[in-house]
Amino acid sequence: MGDRAKLKSSFNSAVNVRTDELERISRDILDHPESGYREIRTAKIVADWFRASGLEVQTAVAKTGVIGTYDTGRPGPHIAVMGELDSLIVPEHAHADSYTGAAHACGHHAQIGSMLSVAAGLVEKSVKINLIGKVSFMATPAEEYIEFEYRESLLADGEIEFFGGKQEFIKLGFFDDVDIAMLTHTGGETAGTLGVGGSNNGMIGKTVQFIGKAAHAGGSPHLGVNALNAAHLALAAIHAQRDTFRDADTVRVHPIITKGGSVVNSVPADVRMETYVRASNVPAILKASSKVDQALRAGALATGASVRISTNPGYLPAQYDERLTKIYRHNAASLIGDDNIIELTHSTGCTDVGDVSQIISTIQPTANATSGNGHGIDYLVDNYDLAVIKAGKAMGLTVIDLLCDDGAKGKHIAGVFKAPMKIDEYLDRMRSFRSDVTYEE
Ligand SMILES: [Zn+2]
C-alpha cells in the first residue's frame, strides 16, 4: 500500500487538471434546470461523463437517476457519493427556464459538479491501485418535494412509489450493500467555509381538496357551498395551533393554495391546497399532522363542504454520523484551514438524505458558497472553486481515508454505526404514513 499523503496528493492533482471542465458542467446544468423526475438532459450529461471516465453506468434508475460504479476489484467497504439532479421551480430566478420556470435555486447543479470531482480524482490509476472496495456515484432525482399532482400521477402509473429520488433508490435495493454515504449541499453560512454536522427536520406532505357546490356567485350564492371559505377557515384553524407546537420539536407547517376556484362569478366548488408538516422527530410530525387534519375538517364542517386529505410519506429527520464527520473535517481542513470549518446546527428544512441517514452512516456537509435566499429568486452559487472543486476534494480525500490501508477506517465506521432502522423497517415505516381519506358533509 502506498503512502497515504502521496495518494491524497495524486488525487488532488488529478482533480486540478480538470477544474475548468468540472465547473463548466455545473454552470451548464445551472442554465438547463429540470425539476424532479424530469431530469432527462441533466441525467444524460452525468451518464456520458461517467462513461467517458471509465465507470460502469446504469441509467433510468428511479425514472431519471444515474449510477456510475467505481470498482477497485478488491472486496471492501461500499461508499455512495451522491449528487442531486433536480432543480426547483422559481420562474423569476435569473437562470430559470423560460418555459417551465425550473431554476437551480437550491444549488443542486454544484452538487453534481462536486460528485464528479470525487470521481475525477479517484479514477487516477495511482490512486485506484491503492484502494479497496467500491464507490457508487449516485445522481439522484427529485430531492425537492414539489409538484405533488405530477408525482401522484407517476405513483398512479406505478412509475414511482415515493416522491423522493433517494427513497426510490433505497426501495429498488441500490443501498442494500452500501456502508457509508455522503453528499455536499451548498449553503449560505459564512462565505468560504465548509459546514459539518448539524441535523434536519423530517416531514410528511399533504394534498387537500375542499369540495363545495357551485352556484351563481352574485345571483344565488345561497344555493352554493363555498369551498374557498372552507379553506380560509382551515388556514386560520392551522394558525391557531401554532402555539401548541413545542419549540423543541421545531414544527413547521406552511400550506399553499394551488387552486382557489374556477371562475370568479361561480361559488368556488373545488379548492386545493398542499402542505408540509415538518418536525425534528417522527412523533412530533404525526402529532402536528393530526392537528392539521382537525383544522382542515373544521373548515369543511363550518361551511358544509367535504374535504379530501391525502397524506404522503415525506422525508425522515436527518442525523449525521459524528465519527464520519471527524474524518471529513480533517480532510476539509487540509484544504481550507481548520478556522474555515464551521459546525452546523439543526436545520428546519428537510432532505431525503435524512432517509439515507436512518439506515447507514451518512454525512451532508455544506459548501458555503452562495448569495441570496435559498429557494428564492436571488440564490446563486458565487464560489464554484469551493462548491464544486474543494467540496469534491474534501469528500474524495475522505473516501481515500475510508478505502486505503485495506479499508481499515471504512470497515470501522461501517461496523460501529448503529442504524436507527433496517431497510425493510424503513420501507414499512414510510408506507405507514400514507393515507387518503374523504370527510363527507
Ligand atoms: Zn437542496
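Assorted remarks:
- Scanning the range 49-57 turns up no residue that is within 16 Å of the ligand (Cβ to nearest atom) and in contact (Cβ under 8 Å) with a residue 60 or more places away in the chain.
- Subset tally (residues that are in contact with a Phe, Trp or Tyr (Cβ under 8 Å, 6 or more places away or on another chain), of a type in the set (A, V, I, L, M, F, W, C), assigned to a loop (DSSP other than H, G, I, E, B) and away from the ligand (no atom under 14 Å from the Cβ)) for the range 351-400: 2
Residue by residue, here is whether (1) among the aliphatic types (A, V, I, L, M); (2) more than 16 Å from the ligand (Cβ to nearest atom) holds:
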{"position": "Y70", "(1), (2)": "no, yes"}
{"position": "G73", "(1), (2)": "no, yes"}
{"position": "P91", "(1), (2)": "no, yes"}
{"position": "H95", "(1), (2)": "no, no"}
{"position": "A103", "(1), (2)": "yes, no"}
{"position": "C106", "(1), (2)": "no, no"}
{"position": "M115", "(1), (2)": "yes, no"}
{"position": "V118", "(1), (2)": "yes, yes"}
{"position": "L122", "(1), (2)": "yes, yes"}
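- Restricting the range 124-156 to residues that are among the hydroxyl-bearing types (S, T, Y) and within 16 Å of the ligand (Cβ to nearest atom), the residue that is modelled with the lowest pLDDT is Y145.
- Among the residues making up the range 237-254, those that are touching a residue at least 40 places away in the same chain (Cβ under 8 Å) and in a loop (DSSP other than H, G, I, E, B) are A240, Q241, F245, T250.
- Residue match in the range 4-22 (condition: touching a Ser or Thr at 6+ places or on another chain (Cβ under 6 Å), more than 18 Å from G107 (Cβ to Cβ) and at pLDDT 95 or above): yes
- Only listed residue being in contact with a Gly (Cβ under 7 Å, 6 or more places away or on another chain), crowded, with 22+ Cβ neighbours inside 10 Å and of a type in the set (S, T, Y), chosen from T345, T366: T366
- The lone exception for I204 - which of (1) within 16 Å of the ligand (Cβ to nearest atom); (2) within 26 Å of H254 (Cβ to Cβ); (3) of a type in the set (V, I, T) it fails: (1)
- Given (1) on the phi < 0 side of the Ramachandran plot; (2) surrounded by fewer than 21 Cβ atoms within 10 Å (Cβ to Cβ); (3) in contact (Cβ under 8 Å) with a residue 12 or more places away in the chain, index of the condition L316 fails: (2)
- Just so you know, in the range 79-96 the residues that are not charged (D, E, K, R) and not in a loop (DSSP other than H, G, I, E, B) include one that is surrounded by the most Cβ atoms within 10 Å (Cβ to Cβ), and it is S87.
- Any hit, the range 203-220, residues being β-branched (V, I, T) and in contact with a Phe, Trp or Tyr (Cβ under 8 Å, 6 or more places away or on another chain): yes
The values are calculated or read from the model by the stated rules, or taken from the named source; none is laboratory data. Note that the coordinates shown come from a computational prediction; the quantities given were computed from them, not determined experimentally. Virtual Cβ from ideal backbone geometry, glycine too; neighbours counted across all protein chains shown.
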